[in-house]
Structures are given as C-alpha cells and as structure tokens.
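Here the structure is laid out as structure tokens; the discussion comes afterwards.
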Amino acid sequence: MGPKPNYQIIAIQLSATANSRGYKHIEYVQITPFNQNNGWVARQALAEAIDAEKATAYVNHSGIVAVGVEHLNGVKYLRTIPDGTVEDNLLHLPTYNAAGQLLTKI
C-alpha cells in the first residue's frame with residue numbers, strides 16, 4: 001500500500017439553509033489534486049477518510065495548517081488545527097453558495 005493522499009483544500013461550498021442557530025455549514029470542499037468532479041468532494045466523505053486515517057488534508061493560505069475532524073452530535077466536521085491564526089481557517093477560503101456562485105474570494 002502506498003502513501004495516503006494528502007489533499008489541499010482550496011475552496012468551500014456552504015449549505016443552502018442555515019441550522020437552528022442561524023449558521024450555514026460547509027457541505028463541500030474543493031481539493032487538489034482534482035478528482036473527477038473538478039475537485040469538489042462532500043465534507044462528510046473527506047472527514048470520514050481523514051478520521052479513518054486513509055487521507056490527510058491541509059489549508060495553505062497564510063502557511064500550511066493541518067485539517068482535522070471534529071465530532072459533534074454524531075456528525076463529522078472538518079476544522080483546521082488551531083495555531084492562533086484565524087487567516088488560515090477554512091472559512092477564509094474562497095466560498096461558494098449551493099448554486100455554485102462565488103460569494104467571497106481571498
């Protein structure tokens with residue numbers, strides 16, 4: 001078995017609707033190297049792969065920061081490993097809505 005894939009997360013797509021507290025969550029992430037869907041993969045699928053130690057991921061905005069998995073109410077979410085810098089947070093990446101329209105660009 002070869003080395004496990006190490007993906008760079010380069011963009012996020014938010015959910016179409018907010019949760020009961022008014023927050024939208026990351027539903028899809030765009031990763032490199034690209035897969036068959038232009039790099040878009042479900043957040044849950046990448047979280048499962050990282051959690052099972054079949055893949056790793058990182059953000060490279062203001063430096064390379066590892067991405068881990070947070071378990072909350074039975075759901076797996078992606079999060080950057082805290083390093084005291086908010087600029088490398090997943091929410092600071094280019095963000096698309098559920099219709100694929102760019103909302104923010106860094």
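Under the condition of being charged (D, E, K, R) and within 18 Å of Ala98 (Cβ to Cβ), which residue from the stretch 4-61 is farthest from the chain's Cα centre (by Cα)?
If we take residues in the stretch 4-61 being charged (D, E, K, R) and within 18 Å of Ala98 (Cβ to Cβ), then Lys24 is farthest from the chain's Cα centre (by Cα).
For residues in the stretch 21-45 being surrounded by 11 or more Cβ atoms within 10 Å (Cβ to Cβ) and of a type in the set (Lys, Arg), which is modelled with the lowest pLDDT?
Here the answer is Lys24.
Looking only at the stretch 5-44, count how many residues are out of contact with any strand residue (DSSP E or B) (no Cβ under 9 Å at 6 or more places or on another chain) and under 18 Å from Thr80 (Cβ atoms).
1
Among the residues of the stretch 62-74, what is the count of those that are assigned to a strand (DSSP E or B), without any contact (Cβ under 8 Å) to a residue 24 or more places away in the chain and either out of contact with any Lys or Arg (no Cβ under 7 Å at 6 or more places or on another chain) or among the aliphatic types (A, V, I, L, M) (or both)?
Adding up the residues that qualify gives 6.
Against the definition (crowded, with 18+ Cβ neighbours inside 10 Å and in contact with an Asp or Glu (Cβ under 6 Å, 6 or more places away or on another chain)), how does Val65 come out, yes or no?
When the stated conditions are applied, Val65 passes them.
Rundown of residues vs (1) assigned to a strand (DSSP E or B); (2) exposed (fewer than 11 other Cβ atoms within 10 Å of the Cβ); (3) among the aliphatic types (A, V, I, L, M), yes/no style:
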site: Ala47; (1), (2), (3): no, no, yes
site: Tyr58; (1), (2), (3): yes, no, no
site: Gly84; (1), (2), (3): no, yes, no
site: Leu103; (1), (2), (3): yes, no, yes
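Need the failing condition index for Ala16 against (1) without any contact (Cβ under 8 Å) to a residue 12 or more places away in the chain; (2) part of a loop (DSSP other than H, G, I, E, B), just the number.
Of (1) without any contact (Cβ under 8 Å) to a residue 12 or more places away in the chain; (2) part of a loop (DSSP other than H, G, I, E, B), only one is false for Ala16: (1).
The values are calculated or read from the model by the stated rules, or taken from the named source; none is laboratory data. It should be emphasised that the depicted structure is a prediction, and the values quoted were computed from it without experimental measurement. Cβ atoms come from the backbone with ideal geometry, glycine included; neighbour counts cover every protein chain shown.
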